[in-house]
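A short worksheet on the structure shown next.
The values are calculated or read from the model by the stated rules, or taken from the named source; none is laboratory data. Bear in mind the structure is a predicted one, so any value in this text is a computation, not a measurement. All Cβ positions, glycine included, derive from the backbone under ideal geometry; neighbour counts span all protein chains shown. Note: accessible area is taken over every heavy atom of the protein model, side chains too, but ligands, DNA and RNA are not part of it. Shrake-Rupley method; radii C 1.70, N 1.55, O 1.52, S 1.80 Å.
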Amino acid sequence: VARQARVVLTAVPNDAVLRSVTEELLPALAARGDQPVHVSCSTVAPLTARALFEAHARQGVGYVSAPVFARPDGMRRGEATIPMSG
């Protein structure tokens, strides 16, 4: 996916999984050379988000933290809140 899409969204259950996914995703995005962006829709610790932002920046890849706040029933009703930073 990272080789074909300039923007990649991920949504995983926790910090450890996001770090693991990013270990594989980030090199592929960086190899593109066209300022790709990784949008993380996972709810993770602020320190994790900051560390990932810095790791992405070092490789010329944008990082946006956009956690989704809603229960499944709220998602179906369109009541999700998605703050963004990065």
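Shown here: Rg/Rh (Cα atoms, Kirkwood Rh), derived from the displayed model; of the candidates [x] 1.08; [y] 0.94; [z] 0.99, it corresponds to [z]. Here the chain is assigned +1 on the Cβ of each Lys and Arg and -1 on the Cβ of each Asp and Glu. Its dipole about the Cα centre then comes out at about 140 debye. Helix 46-58 and the long axis of the chain differ in direction by around 30°, with both axes built from C-alpha atoms. Here the extension length gained between Asp34 and Ser85 equals 16.3 nm, from 0.36 nm per residue of separation less the Cα-Cα distance. Positive-end ranking of Gly78, Val37, Thr22 along the dipole of the chain, with charges on Cβ about the Cα centre, is headed by Gly78. Of the beta bridges in the chain, as assigned by DSSP with both residues counted there, near 20 percent are antiparallel.
I'd like the carbon and sulfur percentage of the solvent accessible area for the chain, probe radius 1.4 Å, heavy atoms only, ligands and nucleic acids excluded.
Details: 3050 of 5450 Å².
Its accessible area is 56 percent carbon and sulfur atoms.
Can you check what the net charge comes to around Ala5, using other residues whose Cβ is under 13 Å from the Cβ of Ala5 (Lys, Arg +1; Asp, Glu -1)? The answer is +2. Taken per residue, the accessible surface of the chain reaches 63 Å², heavy atoms only and a 1.4 Å probe.
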